[in-house]
Amino acid sequence: MENNDIVYGVHAVIESLQANTGNKLYVQDDLRGKNVDKIKALATEKKVSISWTSKKALSEMTQGAVHQGFVLRVSAYAYSELEDILAKASQEENPLILILDGLNDPHNFGSILRTADATQVCGVIIPKHRAVGVTPVVAKTSTGAIEHLPIARVTNLNQTVDKLKEAGFWIFGTDMDGTPSTKWNTSGKLALIIGNEGKGISANLKKQVDEMITIPMGGHVQSLNASVAAAILMYEVYRHRL
């Protein structure tokens, strides 16, 4: 069994059951107490089957991690379709869609989702290949944002950007040389591409960008962490909306 397919520990199990992603619950067979009663009742309410399992078997499932007596097999995250995000965007005056081009760090991805939820981003698009998907670490770092924010996984980012252009979106990228973010005209329909942590935006995708935005920096370090850069730009759009 893939480690990605399970969550464990009281809080994670309760959250996943509440979010309807649970498939099967394993509970330590000699465990008693109010957590057992609470989780058992929740699993029953959500029609998730329960299997009473030895502590040893649970430790094997979690590869020795602290499971507190509860392991839940979860279904893969339910991604949205690109069409759903476009439909949602068409109802907003100044929608922002985020495109993550090959992000590899689940903590970065999770914190970007957290900010995206806070700044009312319309949806997030990620590629199917060579990029991190919605894993348990991403879900945990996003502090629940994945329950509220549509995320689409697409096979080809270039074709997706073409579709966004057809739908009237302006495509923006982040780069060292570009329009300073403070002078960015954020009216209309926007799609913002955040590049990979090390390599930035891929060359092919760069050709499709209408305007590059750069975050003004003093200091000695020439680039910001991907999630910090994304946050600054999302807030820039949000601030103009307000």
Being open to solvent by less than 20 Å² (accessible area, probe 1.4 Å), within 17 Å of Ala229 (Cβ to Cβ) and within 10 Å of the chain's Cα centre (by Cα) is true for just one of Gly123, Gly110, Gly102. Which residue is that? Gly110
Considering only the range 12-25, I want to know if a residue exists there that is open to solvent by 60 Å² or more (accessible area, probe 1.4 Å) and among the hydrophobic types (A, V, I, L, M, F, W, C). no
Strands (runs of 3 or more DSSP E) within the range 1-56 that include 3 or more residues modelled with pLDDT of 90 or more and more than 13 Å from His67 (Cβ to Cβ): 49-53
Might you check whether a residue that is open to solvent by 70 Å² or more (accessible area, probe 1.4 Å), in a loop (DSSP other than H, G, I, E, B) and touching a Gly at 6+ places or on another chain (Cβ under 8 Å) occurs anywhere in the range 210-221? no
Considering residues of the range 32-91 that are on the phi > 0 side of the Ramachandran plot and not polar (S, T, N, Q) only, the residue surrounded by the most Cβ atoms within 10 Å (Cβ to Cβ): Gly69
If you go through the range 118-141 one residue at a time, do you hit one that is hydroxyl-bearing (Ser, Thr, Tyr), closer than 19 Å to Met234 by Cβ and in contact (Cβ under 8 Å) with a residue 60 or more places away in the chain? yes
Name the one entry in Val121, Val66, Val74 that is of a type in the set (A, V, I, L, M, F, W, C) and touching a Ser or Thr at 6+ places or on another chain (Cβ under 7 Å). Val74
Looking only at residues in the range 224-242 that are among the small types (Gly, Ala, Ser) and in contact with a helix residue (DSSP H, G or I) (Cβ under 8 Å, 6 or more places away or on another chain), which one is farthest from Asn156 (Cα to Cα)? Ala231
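The values are calculated or read from the model by the stated rules, or taken from the named source; none is laboratory data. These numbers were taken from a predicted model, which means no experiment stands behind them. So basically every Cβ, Gly included, is an ideal-geometry build from the backbone, and we count neighbours across all protein chains shown. Ligands, DNA and RNA are stripped out before the accessible areas are found, and what is left, the full protein with its side chains, is counted by its heavy atoms. Shrake-Rupley method; radii C 1.70, N 1.55, O 1.52, S 1.80 Å.
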